[in-house]
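The values are calculated or read from the model by the stated rules, or taken from the named source; none is laboratory data. Predicted, not measured: the structure shown is a model, and the values here were computed from it. So basically every Cβ, Gly included, is an ideal-geometry build from the backbone, and we count neighbours across all protein chains shown. When the accessible area is computed, the model is the full protein with side chains, heavy atoms only, and any ligands, DNA or RNA have been set aside. Shrake-Rupley method; radii C 1.70, N 1.55, O 1.52, S 1.80 Å.
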Amino acid sequence: MTRTLIQGGTVVSSTGASLQDVLIDGETVTALLAPGRLEVTAETVIDATGKYVIPGGIDGHTHMEMPFGGTQASDTFETGTRAAAWGGTTTIVDFVVQAHGQRVQDQVATWHEKASGNCAIDYGFHQIIGDVDSESLKAMDELIGEGITSFKLFMAYPGVFLSSDGQIVQTMQAAAQNGGLIMMHAENGSAIDVLVQQALERGDTAPYFHGVTRPWQTEQEATHRAVMLADLTGAPLYVVHVSAKQALSRIVEARDTGQNVFAETCPQYLYLSLEEQLGAPGFDGAKWVCSTPLRSREEGHQDELWKFIRTGDVTAVSTDHCPFCMKEQKELGVGNFSKIPNGIGSVEHRMDLLYQGVHDGRISLERWVEVCCTAPARMFGLYGKKGVLAPGADADVVVYDPLGHTSIGMGEGRSHHMNMDYSAWEGFEIDGHVDIVLSRGTVIKDESGYIGRRGHGQFVRRGLSQNLI
Ligand code: URP
Ligand code: ZN
Ligand code: ZN
Ligand code: ZN
């Protein structure tokens, strides 16, 4: 077994930071050592002097190769996980999709086929249940035994994914029984469809109107309903991609009563806005069409989200990585914003974008590690193996240089390895840099770039959430 020693760095966890050396045997962390106290020999020694040494990032929300609106997300499991590795993410949890008329277990088999042998980093699955019936409810119990322990429902996209309140109650009741976690896309899809139709009839067809027709009320209303139905059934609830401060305040209220309710947000909702990005001239705003939509900066949603990351009421930050190229994909919606495939690509940049929050004094170093690594691990039943540097954990490690610099985008000298023909983050400058990335003890990215291997990444069978009250 190869021994690796990461020496001289500051190990940062969700609870503190101190000078420690990390000893790895094969794929596993075996010890954290006070520097210089023991004479340790290792085949590979990584000098981390002046750097942060943190657990590999866990992106709990990605959509590689996801079918959407007649096309599919442009990153495959191969290209998307490679880009993730570049950016210091060593585990993704992607979504198996069941739409109306499909069988859950068939879809699980299809997703295993897509991912198996193709990933650069470890991966797990959540299950989207888009067709709640007795068969899919039964499949939930089976999936828990197969390491797929969380289930996403949609209150949006009528006719494709939307579940009725009755179906939501049934699924939540099943989760309350089998220990699964309910993930909710909380937007009132029926109300949105009316607003979209009316906008198109008025001739308001530009990408900006994607945001206008999904106002915060549609997010807050659905979030409130999800919270109440979770309370009714006793199911734990994780609300994905929260962007509206009013929806978040409803989650905070529920948490204050002791309910098992959790909020996820994404870098796009922390940095980008309805006015600046969705409102870009011509068709350019299509680059940032995603749901929930980017919110108004004038209304102050971005600052509120940062605040609740600080307080702990936003539990995790994932990307909702769902990239589409402009050419032939986003372009499907020229002249009709409702035909623009929904999604933004960020899997490569999450660790950097959130580290910028540390640099800018918005969050602490420890909160950075918590929301990007440790909390997602606990939330999704990976903690112990993932999300922490401790004896027995998988040696998924990032050496991060706080004095380094990362220019994001597709221009010369910039970082972009996702399979897209544009960057939603073009020109973003980060005061930090992912230097070295290890996945289960193997260096997959160093200063020369990506040196990992397709197929190195393994499917992770997840346990039940370790984050519930
Ligand atoms: O716009 C988004 N978020 N696309 C991905 C699918 C989803 O709802 O998460
Ligand atoms: Zn969603
Ligand atoms: Zn998503
Ligand atoms: Zn560097």
Putting +1 on Lys and Arg Cβ atoms and -1 on Asp and Glu Cβ atoms, find which of G16, V97, W368 reaches farthest to the positive end of the dipole of the chain. G16
Taking all protein chains as present, what is the carbon and sulfur share of the accessible area of the chain, in % to the nearest whole number, probe 1.4 Å? 49
For the chain, longest principal axis from Cα atoms; helix 189-202 axis from its Cα atoms; angle between them, nearest 10 degrees, is 70
Pairing the Cα long axis of helix 104-115 with the longest principal axis of the chain, what angle in degrees results, from 0 to 90 and rounded to the nearest 10? 40
Restricting to DSSP H runs of at least four residues, report the calculated mean residue ellipticity at 222 nm for the chain, -39500 (n - 2.57) per run over all residues, nearest 500 deg cm²/dmol. -8500 deg cm²/dmol
Taking the simple approach of a point 7 Å from Cα along Cα-to-Cβ for both M228 and Q198, what is their distance in nm? 2.2
For the chain, longest principal axis from Cα atoms; helix 77-86 axis from its Cα atoms; angle between them, nearest 10 degrees, is 50
Can you find, among L403, S439, Y422, the residue sitting farthest towards the positive end of the charge dipole of segment 378-469, where Lys and Arg contribute +1 and Asp and Glu -1 at Cβ? S439
The chain, dipole about Cα centre (Lys/Arg Cβ +1, Asp/Glu Cβ -1), debye to the nearest 20: 480
Before I look further, what does segment 99-182 give for accessible area per residue, probe 1.4 Å, in whole square angstrom? 34
Nearest-0.05 FRET efficiency for S407 and A31, computed from C-beta distance (R0 35 Å): 0.45
Can you give me the long-range amide H partners of G124? Hydrogens built in the peptide plane at 1.01 Å from N, cutoff under 5 Å, separation of 5 or more residues or another chain. I92, V93, D94, V460
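Once you charge only the Cβ atoms, +1 for Lys and Arg and -1 for Asp and Glu, what is the size of the charge dipole of segment 362-452 about its Cα centre, to the nearest 20 debye?
Rounded to the nearest 20 debye, it is 520 debye.
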I need the calculated FRET efficiency for the pair T71 and S249, taking r as the beta carbon distance and R₀ as 56 Å, to the nearest 0.05. 0.95
Can you give me the long-range amide H partners of H417? Hydrogens built in the peptide plane at 1.01 Å from N, cutoff under 5 Å, separation of 5 or more residues or another chain. none
Calculate, in nm to one decimal, what K307 and A99 gain on full extension: separation in residues at 0.36 nm each, minus their alpha carbon distance. 71.3 nm
Using +1 at the Cβ of each Lys and Arg and -1 at the Cβ of each Asp and Glu in the chain, identify which of Q329, I121, Q198 lies farthest towards the dipole's positive end. I121
Modelled label reach - E328, point 7 Å along Cα→Cβ, segment 412-441 residues with backbone N closer than 17 Å: 419-422
Those GluC sites (Glu not before Pro) from segment 259-299 that are DSSP loop and have at most 11 other Cβ neighbours within 10 Å turn out to be E298
Distance between segment 92-144 and segment 406-469 - C-alpha centres, whole angstrom: 24
Could you tell me the center-to-center distance, by alpha carbons, between segment 167-186 and segment 220-299 in angstrom? 19
